[in-house]
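These notes concern the structure reproduced below.
Readers should treat all values here as calculations from the given coordinates under stated rules, not as data from a laboratory. A quick note: this is a predicted structure, and the numbers were derived from the prediction, not measured. Here the Cβ positions follow ideal geometry from the backbone for every residue, glycine too, while neighbour counts run over all protein chains shown.
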Amino acid sequence: GIFASDQGVSARNYLEQRGLTGEYIAKFELGLSPQDGESLGNHLTRNGFSLDQLTAAGVVRVNDRGQFRDFFRGRLIIPIRNTHGELGGFGSRALDDSGPKYLNSARTPVFDKGRILYGLYLAQESARQQGLVVVEGYMDAIMAHQNGFTNVVASMGTALTRDQVAEIRRLTGKVVMALDPDTAGQQATLRSLATSWEVFQKLVTERDRRDTSRETIMFQRQEELELMVMSLPDNLDPDELIRRSPQEWTALVQGAVPLFEYLLPAVSQQLD
């Protein structure tokens, strides 16, 4: 494959450095986009796709000079599949310092990052039995699977959306969220708990309808939902933690605290 070619050296080095095995590189279908900017477009047009189709799919775009150029250039490519295993779009990681570290396919008719959880199609079986663990990054999810934790999915670096929560709840009511312990991470979590999980409900009495400062926010216990939060130690990514000690990861997942226990200190830290 392309990793074995001269072009593949930096990608190969990066994957080795991240500790990924050939089996899991293949399982998650990781690839490489050549640096030249026209290989993919040429390959796909030779195979009968029109340039209109390629631009609609977001893999080719037209530059200022009217030339068709590959959207991903010189990057590690991470295919993103939906729950049914159908390919929707791509994530990518830079292999040098020239552009953004992570770059995803733009939104297209078949791809919306907010509707897909990375790795869910591979995690479904074990999630039904063991519940689901949600991490942030692609590599975190891949490394978890490589170490036998096949019930792990990634939110791709954003707070969970309602659509993603709906996908999760179709599978399981038992969820552990693996969170960065920093305040920004906590605030993102609180926002997503309010909007996507709908854990909080505003109760506004008739009399107070005009005076919104008198709203009461109530914590809502969702039936059949066991939402737990696990805090990562020492600012480690799940990926680093699992590589350091799979046993420690297991212990942290098992030691995740119920949502309410997480909320009290998290909310009180942000209020007077």
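Quick one: if you stick a label point 7 Å off each Cα along the C-beta vector at residue 250 and residue 101, how many nm between them?
3.1
Please list the radius of gyration and Dmax for the stretch 56-204, considering alpha-carbon atoms only, with Å as the unit.
So, for the stretch 56-204, Rg and Dmax equal 16.9, 57 Å respectively.
Taking amide H positions as placed 1.01 Å from N in the peptide plane, with prolines and chain starts having none, which residues 5 or more places from residue 226, or on another chain, fall under 5 Å of its amide H?
Sorted by chain and number, the residues that satisfy this are 174, 175.
Once you have a ≥ b ≥ c as the square roots of the Cα gyration tensor eigenvalues for the stretch 110-184, tell me rounded if a/c is under 1.5, and otherwise prolate or oblate according to whether a/b is larger than b/c.
Because its axes are fairly even, with a/c under 1.5, the stretch 110-184 counts as rounded.
When the Karplus curve 6.51 cos²θ - 1.76 cosθ + 1.60 is applied with θ = phi - 60°, which whole-Hz ³J(HN,Hα) does each residue of the stretch 33-41 get, with x for Gly and Pro?
After applying 6.51 cos²θ - 1.76 cosθ + 1.60, I find 9, x, 6, 5, x, 9, 4, 5, x Hz.
Taking the simple approach of a point 7 Å from Cα along Cα-to-Cβ for both residue 5 and residue 158, what is their distance in nm?
The two pseudo-label positions are separated by 3.2 nm.
Say we join alpha carbon atoms closer than 10 Å with springs in a Gaussian network model of the chain; which of 92, 231, 50 then has the biggest fluctuation?
Sorting by GNM fluctuation, first place goes to 50.
Using a simple spin-label model with points 7 Å from Cα along the Cα→Cβ vector, what separation in nm is obtained for residue 261 and residue 187?
Going by the 7 Å Cα→Cβ label model, 2.7 nm.
Let me have the 222 nm mean residue ellipticity of the chain computed from DSSP H runs of 4+ only, each contributing -39500 (n - 2.57), with the sum over all residues rounded to the nearest 500.
Rounded to the nearest 500, it is -10000 deg cm²/dmol.
Please identify, among 178, 123, 94, the residue showing maximal mean-square fluctuation in a Gaussian network model of the chain using a 10 angstrom Cα cutoff.
Result: 94 has the largest fluctuation of those listed.
Out of residues 5 or more away from residue 80 or on other chains, whose amide H comes under 5 Å of its own, with H placed 1.01 Å from N in the peptide plane?
Hits under the 5 Å cutoff: 88, 89, 90, 91.
Looking only at 42, 104, 151, which one moves most when the chain is put into a Gaussian network model with springs between Cα atoms under 10 Å?
42
Would you compute the Debye intensity of the stretch 1-50 from its alpha-carbon atoms alone, equal scatterers and no solvent, and pass along log10 I(q)/I(0) at q = 0.27 Å⁻¹ to two decimals?
-1.03
Can you work out ³J(HN,Hα) from phi for every residue in the stretch 226-238, in order, using Karplus 6.51 cos²θ - 1.76 cosθ + 1.60 and θ = phi - 60°, giving whole Hz and x for Gly and Pro?
Along the stretch 226-238, the couplings run 10, 9, 10, 10, 10, 8, 7, x, 6, 6, 8, 6, x Hz.
May I ask you to evaluate 6.51 cos²θ - 1.76 cosθ + 1.60, the Karplus curve with θ = phi - 60°, for each residue of the stretch 49-54 and list the ³J(HN,Hα) values in order in whole Hz, giving x for glycine and proline?
For the stretch 49-54, the Karplus curve yields 8, 8, 4, 4, 4, 5 Hz.
Compute the separation of the alpha-carbon centres of the stretch 244-272 and the stretch 136-157 and state it in Å as a whole number.
The stretch 244-272 and the stretch 136-157 have Cα centres separated by 18 Å.
State the extension gain, in nm to one decimal, for the chain segment bounded by residue 38 and residue 115, taking 0.36 nm per residue of separation less the distance between their alpha-carbons.
Gain on extension, residue 38 to residue 115, equals 24.7 nm.
Net charge near residue 147: determine it from the other residues with C-beta under 14 Å of the C-beta of residue 147, scoring Lys and Arg +1 and Asp and Glu -1.
-2
If you take all C-alpha pairs in the chain, what percent of them are over 29 Å apart?
Every Cα pair in the chain considered, those over 29 Å come to 40 percent.
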